[in-house]
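Taken together, the values in this text are just the output of simple stated rules run on the coordinates, not laboratory data. Source: prediction; values computed, not measured. Backbone-built Cβ (ideal geometry, glycine too); neighbour counts: all protein chains shown.
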Amino acid sequence: MAHVEQLVGSYRAWASNGASRAPTWLKDLREGGIARFHGLGFPNMKQEAWRFTSVAPIAEGSFELAKPPARIPQIEDIRPFLLFEAGYRLVFVDGFFQPTLSTPFFDDVQSLAHVVTHRQDLVRQHLGKYAPTDDRPFSALNTAFVNEGAFVHVPAKAMIAEPIQLLFLASGDQQVVTHPRNLVVLEREARASIVETYASLGTGAYWTNSVTEIVVGDGARVDYHRVQRESERAYHVATTQTRQGRDSTVHLHTVAFGAALARHDIGAVMAGPGGRLILNGLYLLGGHQHADHHTTIDHAADHCESHEYFNGVLDQKSRGVFTGRIIVRPGAQKTDSKQTNNNLLLSADAHADSQPQLEIYADDVKCTHGSTVGPLDPRALFYLRSRGVGEEEARRLLTYGFAAEILGRMDVVALRAELDRIVRDRLAA
Amino acid sequence: MAKGKVLLEVKGLRVAVAGNEILKGVDLAIREGEVHAIMGPNGSGKSTLAQVLAGHPAYAVLAGTAKYEGKDLLDMKPEERARAGVFLAFQYPVEIRGITNSYFLRSALNALRRERGEAELDPIDFLQFLEQKLKAIGWDDTMMNRPVNEGFSGGEKKRNEILQLAVLEPRLAILDETDSGLDIDALKTVAETVNKLRNPNRAFLIVTHYQRLLNYITPDVVHVLADGRIVKSGGPELAHELEAKGYDWLRDAAMVS
C-alpha cells in the first residue's frame, strides 16, 4: 500500500503546485481519477483480469513523477524513431511536449495541455468519456495526472493525407513515471492515419502509464498504429479505447517489441450500426519480457463487423498473455466477429496464455474464434526444406511469416518497412 | 529412342513409420526422360515411398538403398535432395502464414541457384523469370501474392505444387496423388502442364490411386504397389487393366507371393 500512498502524495503535491491553474472541470476529472485509484489500489493476480500478470515490480517500485528533460534532444536524436520528416507530428520527451521537435497544425494537431484551454469545450466534451476507470486503477491514475499528451482533431469530411506521428520518448535512466494522455477525435466522414510510438533514448527502468481515447464519427475512418518499443527494462501500461459511430471504420494496429513488463488494455466500442473494425496485433518478445494484451470488443449496435488478429512470437523465457473478450449486446443482430490468436514458442522456456471470452446476447450473429500455442509446425518445416531451403533459414522464414502476417495488414508503407526491419533484426540476433 | 541413364535406383527398400513396416522391399529404377506411375490401393505404401524419397523425417529406413544420380539419396537431408533436383509435389500442401507464394518461391529458387553456383535473383529479376515460366505453362499470377496455400481451394493447392515444379525445374519430380481432389478441368490443366514439362533430362514418378490422371499423362512404366511391395510392372495398358479389374486380384497375388 505504501506506494499507492506515495503516488497519491505525489498527486497532491503536483495538483496544488504546477497543475493548480487548471479549469474546474479538469480538476474534478483529476480528483475523480485519484480517488478511484486510491480506492482500487494496484491490481493483484487474484483478479480475473490480472490472472497471468503480476504488477509487483511497478507496485513495489518507487517512481517519481518525471521532470522536464535536462537536455532537449536534437532532431538527429529522434530521427531513428521518425518514419518521415514530412507531415504533422507531436514529440514528447519524458511526457513533456517539445515544440522545437514537433510540427503541429493549429489547434487540430496539438499538445493536449495547449488545447485544454484553447479548445476547452471540445476537449471537455470528450476527455475521459471513453476510457473506463471503474475497475482500471492504471487508467484512473492516468486520469488523475491528465495534463500532457497528443491531441488530434479532424473536422467533418476532412482528410489528412500524411500519417500523423505521435512520438513519446523516454530520455534517460531515471526511475520516473509519465502519464501521457492522448485524445483523438474524428468528426463525421473524416479520415486520418496516425502512428503512436513509445521508445527510449536510454536504457532506463522507467514506467509509462498512457491512455489514448479515440472517437470516430459516423462514416469516418481512422488507421491507428501503435508501436511499443520501450527500453527492455521499462514498464509499460497502456489503455487504448475507441468508440466508433455508424458506418465508420477503425483499423487499429499494435506492435509490442519492448519493455520488461507490458500490459495493454484495448477497448473498442462499436456504437453505431454498420461499423467495421480490424484489430491487428503483434508481440515479439525475448529474454524475460512479459507482455499482456487484454482486448475487449463491444458490439453495441447491429450489422457491425470486427476482425481481430493477434500473433505472438515468444523466444527464450518470455511470456505472452492474450485475452480476447467479445461482447455482443442484445439487439446487435447480424454481428460478424472473428478472432484469432496464434502464439509461436521458439524455446521450451517461453510461455503463452490465450483466452477468448465470448459473451453473446443476440441470436442472429456470426462469431468465431481460434487460438494456437506451439512451436513451429514440423510439416511446414519439411515443406520448406523439401524445396531446398536449409533448416535454419526455414525456421527463420516461418517465424518471420508469423510477424509478417500482422505487419502485412498495415497500410502505411514506411511503417511496415520499418517494423519489418526491426523484426528481421530481432530474428537474426 | 535410346534409353537415358538411370536417374533413380531403389533396391530392397524397407521403411517403417512409428514402428510399423510400410515398405517391405521396394525395387525401382527410373531413367532420365521416363514417366513412371505407381498405383495401388489405399495403405499400400505409395505415399510413404514418395515421402521417404523426399526425406521426410518421420520415416525410418530399415534396409535397402536409393541411389540418385549414383549418390546415396537416403544419406542426404531434404534440402540437399531438393538442391540436387528432387522435387515432391505434396498430397497435402502445407499452409504458410505470412509468406507470399512469390517470396517462398524466390527463397526456394535462390537456394537451388546458390547450390548451382548461380547468382541469386532479386525480387525484380525473379518476377521477370516467373512471368516467363507462367507464360510457358499458360497460367496467370493471381496466386503469387497470397500467403502460401492459405485459403487456397484443394485444386489451387495442387496447381500451386505444379507451379513450383515449373519454377524449380527438378530432374526427378515425384507427384504424390496430385490428382486427388481435382475436378476434371483442373486435372486436365495439371496434366497438360506436366506434359509440357516432360523432357529427356527429367523423370517423373507419379503416385496415384486412380487411372484417370494417366488418361492425360501417358506413362512409360506402370507399377502396382500392394502391401509394401511392387507386385507388378508393365506398360500403360496395365493402368487400364487396373481400372477395369480393381486392385483385389493383385492384393491376393501379393498375399500368396
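Observations on the model:
- Segment A:GLU60-A:ARG21, extension gain: residue separation times 0.36 nm, minus the distance between their alpha carbons: 10.9 nm
- Charge dipole magnitude, Cβ of K and R +1, D and E -1 - the stretch B:142-196, Cα centre, debye nearest 20: 180 debye
- When each of the peptides A:58-69, B:31-42 is scored by how many other beta carbons lie within 10 Å of its residues on average, the order from highest to lowest is B:31-42, A:58-69.
- Think of chain B as a dipole: +1 on every Lys or Arg Cβ, -1 on every Asp or Glu Cβ, centred on the Cα centre; then among B:LEU127, B:ASN20, B:VAL207, B:ASN20 lies furthest on the positive end.
- The stretch B:104-122 and the stretch B:56-88 have Cα centres separated by 20 Å.
- What the Cβ-Cβ distance of A:ALA161 and B:ASP122 gives, at R0 = 30 Å and to the nearest 0.05, is a FRET efficiency of 0.45.
- Within-14-Å neighbourhood charge of B:VAL190 [Cβ basis; K, R +1; D, E -1]: -1
- Taking N as its residue count, the alpha carbon Rg of chain A over 2.2 N^0.38 Å: 0.95
- Counting, for every residue in A:396-404, the Cβ atoms of other protein chains within 10 Å of its Cβ and taking the mean gives 4.
- Distance between the pseudo-spin-label points of A:LYS46 and A:ALA362 (7 Å out from Cα toward the beta carbon): 3.8 nm.
- Extended-chain gain in nm, criterion 0.36 nm per residue less alpha-carbon gap, B:ASP140 and B:LYS245: 33.8 nm
- Sorted on the mean count of surrounding Cβ atoms within 10 Å across their residues, most packed first, peptides B:7-19, A:139-151 read A:139-151, B:7-19.
- Sparse-neighbourhood loop sites, trypsin sites (Lys or Arg not before Pro) in the stretch A:342-429 - DSSP loop, at most 16 other Cβ within 10 angstrom: A:ARG409
- Efficiency of FRET between A:LYS317 and B:VAL17 - r from beta-carbon atoms, R0 41 angstrom, step 0.05: 0.70
- If R0 is 22 Å, the Cβ-Cβ spacing of B:PHE129 and B:ARG198 corresponds to a FRET efficiency of close to 0.55.
- The lysine pair count for chain A, using Cα distances under 22 Å and pairs eight or more places apart or on different chains, is 4.
- Counting only other chain Cβ atoms within 10 Å of each residue's Cβ, the peptide A:93-102 averages 0.
- Chain A: relative contact order in percent, alpha carbon pairs under 8 Å with at least 6 residues between: 9 percent
- Rotationally averaged projected area of the stretch A:377-429 (alpha carbon convex hull; nm²): 3.9 nm²
- Distance from the stretch B:155-202 to the stretch A:161-215 (C-alpha centre basis), Å: 52 Å
- Per-residue packing, averaged as other Cβ atoms within 10 Å, sorts the ranges A:295-306, A:7-18, A:112-123 into the order A:295-306, A:112-123, A:7-18, beginning with the highest.
- Across peptide B:108-115, the mean count of Cβ atoms from other chains lying within 10 Å of each residue's own Cβ comes to 3.
- Cut-off 15 Å (backbone N to label point 7 Å along Cα→Cβ of A:HIS114), residues of the stretch A:129-164: A:148-154
- Candidates A:ALA156, A:ALA350, A:ALA403: whichever shows maximal mean-square fluctuation once chain A is modelled as a Gaussian network with Cα springs under 10 Å: A:ALA156
- Residues whose placed amide H lies under 5 Å from that of A:THR372, excluding near-sequence neighbours: A:ASN341, A:ASN342, A:ASN343
- Relative contact order of chain B, defined on C-alpha pairs under 8 angstrom at six or more residues apart (%): 28 percent
- Among A:VAL4, A:VAL328, A:GLN174 the positive-end extreme of the charge dipole of the protein assembly as shown (Cβ point charges): A:GLN174
- In a reduced charge model with +1 at each Lys and Arg Cβ and -1 at each Asp and Glu Cβ, the stretch A:377-429 shows a dipole moment near 100 debye about its Cα centre.
- Computed over chain B with a Gaussian network model linking Cα atoms closer than 10 Å, the most mobile of B:ASN160, B:ASN199, B:ASN20 is B:ASN20.
- Top of B:ASP220, B:ASP140, B:ASP176 by mean-square fluctuation, Gaussian network on chain B, Cα under 10 Å: B:ASP140
- Two-site label geometry, B:ALA60 and A:ARG421: point separation in nm, points 7 Å out along Cα→Cβ: 5.1 nm
- Set of lysines near B:LYS232 by C-alpha distance (under 17 Å), chain-local residues within fewer than 8 positions excluded: B:LYS11, B:LYS24, B:LYS46, B:LYS245
- Our estimate of slack between A:THR372 and A:TRP14, defined as 0.36 nm per intervening residue step minus the Cα-Cα distance, is 124.3 nm.
- Total charge dipole magnitude, chain A, about the Cα centre, Cβ charges on Lys, Arg, Asp, Glu only, Debye to nearest 20: 60 debye
- Kirkwood-Stokes translational diffusion coefficient of the stretch B:94-151, alpha-carbon pairs, 10 °C, 1.306 mPa s, µm²/s: 132 µm²/s
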